[in-house]
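The values are calculated or read from the model by the stated rules, or taken from the named source; none is laboratory data. Keep in mind the model is a prediction, meaning the values are calculated, not measured. Methodologically, a virtual Cβ is constructed for each residue, glycine included, from the backbone with ideal geometry; neighbour enumeration extends over all protein chains shown.
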Amino acid sequence: MSEHLSKVLLVEDEKSLATLYGQYLKNESLEITHASTGREAIAYLEHNEPDAILLDIRLPDMMGTDILEEVNNRGLDTAVIMITAHGSINTAVETMRGGAYDFLVKPFNRERLLQTLNSALNRKKLASLVRKQELSLHDGFQGFIGSSQTMQIVYRTIEAAADSKATVFVTGESGTGKEVAA
């Protein structure tokens with residue numbers, strides 16, 4: 001049985017550093033794709049959803065934060081690890097608030113990179129398992145049809161209201177399941 005290779009997009013404009021990071025990761029169960037510009041990274045994301053992105057903040061054609069925003073706008077389930085030589089607490093906090101999983105300051109060693117990347121990949125796998133479990137718990141919830149993220153929120157809201165003694169007013173268009181919710 002072949003082992004699933006996690007897909008990692010490495011976005012680094014300095015060829016020597018990209019080669020070094022590739023050497024750090026060469027013995028891991030990873031499929032690594034390198035992009036040296038923001039445009040290349042975005043083009044890759046058009047047709048691929050990597051499990052993780054190692055993303056330099058300063059690129060020749062754009063900021064890595066622009067790519068992070070693109071990942072968020074597309075709703076990709078990708079762990080983004082920001083990399084910079086110009087690390088500051090403010091930058092780290094800002095990128096984490098923007099949805100980055102972690103932040104690495106150059107120079108870093110192989111162990112630090114592996115620890116951060118493995119942590120991100122493991123967290124992503126765990127979140128995926130939790131989502132699958134939630135979907136199976138709510139599949140066909142009380143006569144409703146649908147297992148989308150939005151419907152999961154509706155199901156949780158119904159469950160929370162069901163335990164309450166409060167009066168609940170259910171509104172919606174005809175045929176949307178108001179009576180089923182009640």
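Condition first: hydroxyl-bearing (Ser, Thr, Tyr), closer than 30 Å to residue 157 by Cβ and at pLDDT 90 or above. Now tell me which residues in the stretch 93-138 satisfy that.
So in the stretch 93-138, the residues hydroxyl-bearing (Ser, Thr, Tyr) come out as 95, 101, 116, 119, 128, 136.
Checking the rest, the ones that are also closer than 30 Å to residue 157 by Cβ come to 101, 128, 136.
Passing the criteria: only 101.
All told, residue 79 meets the bar of being under 17 Å from residue 121 (Cα atoms) and either free of Cβ contacts under 8 Å to residues at least 24 places away in the same chain or touching a helix residue (DSSP H, G or I) at 6+ places or on another chain (Cβ under 6 Å) (or both).
Within the bounds of the stretch 124-133, is there any residue that is in contact (Cβ under 8 Å) with a residue 60 or more places away in the chain and within 20 Å of residue 8 (Cα to Cα)? Yes, the stretch 124-133 has at least one match. Checking the stretch 125-139 against the condition returns no match, with no residue being of a type in the set (Val, Ile, Thr) and in a loop (DSSP other than H, G, I, E, B).
Pairs meeting the criteria (first residue in the stretch 48-60 and in the same structural domain as residue 29 (by TED's automatic domain parsing), second residue crowded, with 24+ Cβ neighbours inside 10 Å and among the basic types (Lys, Arg), beta carbons under 6 Å, at least 6 apart or on different chains) are lacking.
Among the candidates 64, 22, 38, which residue alone is free of Cβ contacts under 8 Å to residues at least 24 places away in the same chain and either touching a helix residue (DSSP H, G or I) at 6+ places or on another chain (Cβ under 8 Å) or small (Gly, Ala, Ser) (or both)?
Details: 64 fails: free of Cβ contacts under 8 Å to residues at least 24 places away in the same chain; 38 fails: free of Cβ contacts under 8 Å to residues at least 24 places away in the same chain.
None of the others qualify; the one that does is 22.
Here is the figure for the stretch 69-91: residues that are more than 19 Å from residue 19 (Cα to Cα) and either over 13 Å from the mean Cα position of the chain (by Cα) or buried (at least 21 other Cβ atoms within 10 Å of the Cβ) (or both) total 10.
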